[in-house]
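The values are calculated or read from the model by the stated rules, or taken from the named source; none is laboratory data. None of the values given here were measured: they were computed from a predicted structure. Here the Cβ positions follow ideal geometry from the backbone for every residue, glycine too, while neighbour counts run over all protein chains shown. Ligands, DNA and RNA are excluded from the accessible area calculation, which covers all protein heavy atoms including side chains. Shrake-Rupley method; radii C 1.70, N 1.55, O 1.52, S 1.80 Å.
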Amino acid sequence: MDIFKDRILPLINASGKTDRFLEEAIRLPRGIIYKWKNGKNKNYKFYIVEIAAYFHVSTDYLLGNTDDPSPPGAEEKPTPVAESGLSPLDKRLNELLSVSSDETKRLMIDLLEKMQKR
């Protein structure tokens, strides 16, 4: 399975958005989607969490581990969060965490705790 051609590219095409718009929205380096499409760069694996969050799919789906694109907990109705009090960074962090597996969340917590000890 080619992760880009089989999973990411169909999401990009179905979005109807320009490459530039998606790069800004997902916070990707400028011109990177063009490079992915033309095989000049294959570093999309570094952005799996961000891509999954933007398109509301699971990272396992993007990686080809499942054919179910639903993010973890999608069948559950989340308790609404009063977003008006959240900063843009807090909103982005919530988006990323909402599509992450428990293992990814544990790794993120470990990383944040190590950074706080500096």
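Observations on the structure shown:
- Net charge in the neighbourhood of F55 (other residues with Cβ under 12 Å of its Cβ; Lys, Arg +1, Asp, Glu -1) is 0.
- The amide H of N41, built 1.01 Å from its N in the peptide plane, has W36 as neighbours under 5 Å, considering only residues 5 or more places off or on other chains.
- About the Cα centre, charge dipole magnitude for the chain (Lys/Arg +1, Asp/Glu -1 at Cβ), debye: 740 debye
- Taking each DSSP H run with n ≥ 4 as -39500 (n - 2.57) and averaging over every residue of the chain yields -13500 deg cm²/dmol at 222 nm.
- Ordered by 1.4 Å accessible area with all protein chains kept, K45, K117, K37 run largest first as K117, K45, K37.
- Average accessible surface area per residue within the chain, 1.4 Å rolling probe, Å²: 70 Å²
- A crude spin-label estimate for the pair M108 and N94, with each label 7 Å from Cα along the Cβ direction, gives 1.3 nm.
- Candidate lysines for bridging to K5, where Cα separation is under 23 Å - those fewer than 8 sequence places away on the same chain excluded: K17, K35, K37, K40, K42, K45
- Residue order for R30, R20, R7 - accessible surface, 1.4 angstrom probe, largest first: R30, R20, R7
- Note on surface exposure: S70, S58 rank S70, S58 by accessible area, highest first, 1.4 Å probe.
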